[in-house]
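Before any comments, here is the structure.
The values are calculated or read from the model by the stated rules, or taken from the named source; none is laboratory data. Keep in mind that this is a model prediction, so the values were computed, not measured. Using ideal geometry, Cβ is built from the backbone for each residue, glycine included, and neighbour counts are taken over all protein chains shown. Surface accessibility is based on the protein's heavy atoms, side chains included, excluding ligands, DNA and RNA. Shrake-Rupley method; radii C 1.70, N 1.55, O 1.52, S 1.80 Å.
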Amino acid sequence: MLLLRCPLPLLLLLLPLSSRPQKLPTRDEELFQMQIRDKAFFHDSSVIPDGAEISSYLFRDTPKRYFFVVEEDNTPLAVTVTPCDAPLEWKLSVQELPEEASGEGSGDPEPLEQQKQQITNEEGTELFSYKGNDVEYFVSSSSPSGLYQLDLLSTEKDTHFKVYATTTPESDQPYPELPYDPRIDVTSLGRTTVTLAWKPSPTASLLRQPIQYCIVINKEHNFKSLCAVEAKLSSDDAFMMAPKPGLDFSPFDFAHFGFPADNNSGKERGFLKSSKFGRQTPPKPRVDLHRVCIGNKNIFTVSDLKPDTQYYFDMFAVNTNTNMSTAYVGTFARTKEEAKQKTVELKDGKVTDVFIKRKGAKFLRFAPVSSHQKVTFSIHSCLDAVQIQVRRDGKLLLSQSVEGVRQFQLRGKAKAKYLVRLKGSKKGASMLKVLATTRPNKQSFPSLPEDTRIKAFDKLRTCSSVTVAWLGTQERNKFCIYKREVDDNYNEEQKKREQNQCLGPDTRKKSEKVLCKYFHSQNIQKAVTTETIRGLQPGKSYLLDVYVIGHGGHSVKYQSKLVKTRKFC
């Protein structure tokens, strides 16, 4: 595979203008090896190096094109595109090389302008396209020779991105591998501290490659890539003012982690307890986002947090040989309240995120400001079942276990105050979304049937399709079904380790989407729908998920269903 330089005229100038047959340089040539060592050569150019990650920038609505050449047929190929702070549209295509450029011609070379026309006038064959902000990749075990071009576009705003391409994906493995359970566990929760633990990357434990872990803390949302974190931090000039090759994760980038400079050198902020940094930056306003790299430890306590504040935590495994990273499944947690604050206030009609540590409890208070006839509590338990109790002015009205989404409607009373007690699971930490309202029409959660299982029809299985059904309700909702191929040894225990049930279809890859449709039935006995999912591979296992999306935009996932196509038909 080769790195071609763009704009195209410059690309063609790289071709030797001599009477002997022309041949594009390859990965093994001395000049290329010199250039690959000097990463500045690829900065903001249209060259994609074989086996190295490049970073670049897109202006909004201004497309960018990259080139590379695969010289031999049946060559393995992997291309990974990492959006940073905005979704991208990108497309990978291939076209045949001009005869002279491929080294197969003879005689005098074609004129420069004629070669240029020959390449640029051909659209090429599209191999893959994607639109979104996920880290997405194209992988082929046998790619044809030709001129490959990667087109990228950002329609939302100016943005950074990264591209990695290789013709030796099996041996390179630059991205750290995630463990079988890629979640971050909250093992301890205090008023100003949160302790996190995670399973080590197999790249470190099995392959013995140097891996360090970087934790990102903020109050807004989880991040899908370290590139997105760096883009957010780069709004501060003190972050990575003059990046140099090989120093992408240098400690000088994180002198204060968003805190004002402390003139008292004898006191360290909590985020600085695990590291020592040599470079200080002048105090200035910074984004409320903090990153710390802690070496190869797999437990860390984040300190100096604010009480009763929700934080989002992301973990990235970084291969220090390649400076390339992989994201664990992020989590969030709310620090404990101050001693005088024993309850969380619920606002009428507003969804509140609640975190409960293992075997812990949380108290919520709802005090309607106006008279009301009924009060509705909607609970969405993201992980395991939790216990709920509701008291009105001290009187117990409700006590039961909640799993998935449940809605409770209670009789109202003038000037009444409601106290909700949530008790966490014994298995692990619990995350919930809670809605309390006195307005029956103010429902952010979609209605659900009592049975949220997906049924698969065994007799209708074929080598390339499966047929499934699920129940709906009398309320018209949008349903989206997604599929994902899994290993044959995938089991129920692994399903439990999947991302929490509160994560919606926006977290799924576009390639996993099967379809979306609206469905309801006034006759609840007939509120059932079926779908045949086609285009599957013989003898393969697939995990199916159905999401129901309510009018308020909140989504709930049905119970996942594991299906397998027939091997012989």
Requested in this report: Filter the strands (runs of 3 or more DSSP E) completely within segment 43-91 down to those with at least 2 residues that are of a type in the set (D, E, K, R) and either open to solvent by 30 Å² or more (accessible area, probe 1.4 Å) or in contact with a strand residue (DSSP E or B) (Cβ under 8 Å, 6 or more places away or on another chain) (or both).
Outcome: 64-70
Requested in this report: Run down 524, 533, 481 and say which single residue is open to solvent by 60 Å² or more (accessible area, probe 1.4 Å) and either of a type in the set (A, V, I, L, M, F, W, C) or in the same structural domain as residue 428 (by the TED database) (or both).
Outcome: 524
Query raised in the report: Name the residues in segment 303-331 that are in a strand (DSSP E or B) and open to solvent by less than 20 Å² (accessible area, probe 1.4 Å), would you?
Result: 311, 313, 314, 315, 316, 317, 318, 319, 324, 331
Query raised in the report: Consider residue 553 against the criteria (1) open to solvent by less than 40 Å² (accessible area, probe 1.4 Å); (2) on the phi > 0 side of the Ramachandran plot: it satisfies all of them except one. Which criterion is unmet?
Result: (1)
Report task. Would you be able to say whether some residue in segment 402-422 is outside the structural domain of residue 504 (by the TED database), among the aromatic types (Phe, Trp, Tyr) and without any contact (Cβ under 8 Å) to a residue 40 or more places away in the chain? Result -> yes
Report task. Answer yes or no as to whether residue 185 is in the same structural domain as residue 92 (by the TED database) and surrounded by fewer than 18 Cβ atoms within 10 Å (Cβ to Cβ). Result -> no
Report summary line: Taking segment 402-448 and keeping residues among the hydroxyl-bearing types (Ser, Thr, Tyr), modelled with pLDDT under 85 and within 30 Å of residue 518 (Cβ to Cβ) leaves 444, 447
Query raised in the report: For segment 545-567, what are the residues that are in contact with a Cys (Cβ under 9 Å, 6 or more places away or on another chain), farther than 16 Å from residue 529 by Cα and modelled with pLDDT of 90 or more?
Result: 565, 566, 567
Query - Among (1) modelled with pLDDT under 90; (2) in contact with a strand residue (DSSP E or B) (Cβ under 7 Å, 6 or more places away or on another chain); (3) open to solvent by 60 Å² or more (accessible area, probe 1.4 Å); (4) not acidic (Asp, Glu), the one test that residue 399 misses - result: (1)
Query - Residue pairs meeting the criteria (Cβ under 7 Å; at least 6 apart or on separate chains; first in the same structural domain as residue 166 (by the TED database), in segment 124-141; second outside any loop (DSSP other than H, G, I, E, B) and open to solvent by 100 Å² or more (accessible area, probe 1.4 Å)) - result: 130/510; 131/510; 132/510
Report task. Give the residues of segment 348-366 that are open to solvent by 40 Å² or more (accessible area, probe 1.4 Å) and modelled with pLDDT of 90 or more, sorted by residue number. Result -> 363, 365
Query raised in the report: How many residues does segment 428-478 contain that are open to solvent by 60 Å² or more (accessible area, probe 1.4 Å) and not in a loop (DSSP other than H, G, I, E, B)?
Result: 6
Query raised in the report: Would you call residue 297 at pLDDT 50 or above, open to solvent by 70 Å² or more (accessible area, probe 1.4 Å), in a loop (DSSP other than H, G, I, E, B) and farther than 26 Å from residue 133 by Cβ?
Result: yes
**Report entry** Residue pairs meeting the criteria (Cβ under 7 Å; at least 6 apart or on separate chains; first on the phi > 0 side of the Ramachandran plot, in segment 60-76; second open to solvent by less than 90 Å² (accessible area, probe 1.4 Å))
**Finding:** 61/155; 74/142
Query raised in the report: Within segment 144-157, is even one residue closer than 20 Å to residue 215 by Cα, in contact (Cβ under 8 Å) with a residue 24 or more places away in the chain, open to solvent by 40 Å² or more (accessible area, probe 1.4 Å) and of a type outside the set (Asp, Glu)?
Result: no
**Report entry** Any pair with Cβ under 6 angstrom, 6 or more apart, that starts in segment 305-332 at a residue that is within 21 Å of residue 383 (Cα to Cα) and ends at one that is polar (S, T, N, Q) and open to solvent by 30 Å² or more (accessible area, probe 1.4 Å)
**Finding:** 312/222; 314/222; 329/499; 330/222
